[in-house]
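To start, the structure itself, in structure tokens.
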Amino acid sequence: MRRALFSFILSLAFVAQLSAHEVRPAYLQLRQTGADTYDVFWKVPAIGDTMRLSLYVELPPSCSNLVPPRGSFSGGAYTELWSVTCPGGLSGGSTIRISGLTATLTDVLVRLERLDGFTQVTRLTSSVPSFVVEASPHRFEVARTYLVLGIEHILTGVDHLLFVSGLLLLVSGVRRLLLTVSAFTLSHTVTLTLATLGFVHVPPAPVEAVIALSILFVAYEVLRKHENPQGLAQRKPWLVAFSFGLLHGLGFAGGLSAAGLPAGHIPLALGFFSAGVEVGHFSFVAVSLALIAAVRHWTTKLPPWSSRIAPYAIGSVSASWLIARLAAF
């Protein structure tokens, strides 16, 4: 009966998610090329090849363009490349602002690379649309930025949450559930670390396609759990979670690659990003289980067929993702 209730709640959440527009972050990179010069890379979400978010970079008044911006649409985003000169450089105290950010739900990840090897990474939001360039990055700021980035990556990664939701529906018993979730955590942490440090490289397109396939597989196993109790997913769910977790870790690494790792703080940034992913991951599991426990007395009102709503919803969404991602090869 707990499974039936959870299925019903999940189905409502999935319908709401599918009806909402995707909120994707923008990305700004400033790479110093000389004492006063910088290359600027600006990427904002777009719809098709004609519409983009009205977000614009505002550098300090002393800065001017050396090369006019060159813009193009590709892969659901609009990108611009140009070069600027800022007399005296972007020294400590300079302010960079994103015009139009206060009117959106989009975050902006900013990365400033200096010639001396230091990298400043920060996150701008609608409530904080600007930042002040630091003389050198502080360890606390690096840790905070990457911790929040990790939490947001998992909580806004609908495909990862659908996979975890499938595991919650598939596995019975607290001990088996903890073992399964821990196996998933261990495996994706390993590949996240290896891929981020450059030891493993897999093109993102096939990784995203196989992640969709993993969700479809779990949804299928949930539907047949009573018909085939001796299947691999029923006997050893931790092995299934561990195997597919390796692929999900490569997906997490793709999110981190957009931000990059600040020179001089690579272990710190990677460690706190991984910690943020786990905080978001276990928070989602804890909230889901708490919600089930809080309303379990309602289960008697649900018809038996309601237990199939969530796996069918998960399978339908993941199947559409799989087709779209295969078509994008």
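Structure above, values below:
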| quantity | calculated |
| --- | --- |
| Partner lysines for Lys225 [C-alpha distance under 16 Å; skip if fewer than 8 residues away on the same chain] | Lys236 |
| Burial ranking of peptide ranges 59-65, 112-118, 144-150 (average Cβ count within 10 Å, highest at the top) | 144-150, 112-118, 59-65 |
| Rg/Rh ratio calculated on Cα atoms of the range 163-298 (Kirkwood radius) | 1.02 |
| Most to least packed among 179-185, 169-175 [average Cβ atoms within 10 Å] | 179-185, 169-175 |
| The range 118-274 - accessible surface per residue (Å², probe 1.4 Å) | 43 |
| When the convex hull of its Cα atoms is projected in every direction, mean area for the range 49-99 (nm²) | 4.2 |
| Net length gained if the chain between Leu115 and Tyr312 were fully extended (0.36 nm per residue, minus Cα distance) | 65.6 nm |
| Per-pair calculated FRET efficiency, R0 = 51 Å: Glu134 and Arg235 via Cβ, rounded to 0.05 | 0.45 |
| Length-normalised contact order for the range 186-329 - Cα pairs under 8 Å, 6+ apart - percent | 47 |
| Relative contact order (%) - the range 57-176, alpha-carbon pairs under 8 angstrom, separation at least six | 19 |
| Separation of the Ser99 and Leu289 label points, Cα + 7 Å toward Cβ, nm | 5.1 |
| Peptides 119-131, 194-206 ordered by average Cβ neighbours within 10 Å, highest first | 119-131, 194-206 |
| Alpha carbon centroid spacing (whole Å) that separates the range 26-89 from the range 163-212 | 35 |
| Accessible surface of the chain, 1.4 Å probe, proportion on carbon and sulfur as whole % | 65 |
| With Cα atoms, 0 to 90° folded angle of helix 204-223 axis to the chain main axis | 20 |
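The values are calculated or read from the model by the stated rules, or taken from the named source; none is laboratory data. Model, not experiment: these values are computed from the prediction. All Cβ positions, even for glycine, are placed from backbone atoms using ideal geometry, and neighbour counts span all protein chains on display. Calculation scope for accessible area: heavy atoms of the full protein, side chains included, ligands and nucleic acids excluded. Shrake-Rupley method; radii C 1.70, N 1.55, O 1.52, S 1.80 Å.
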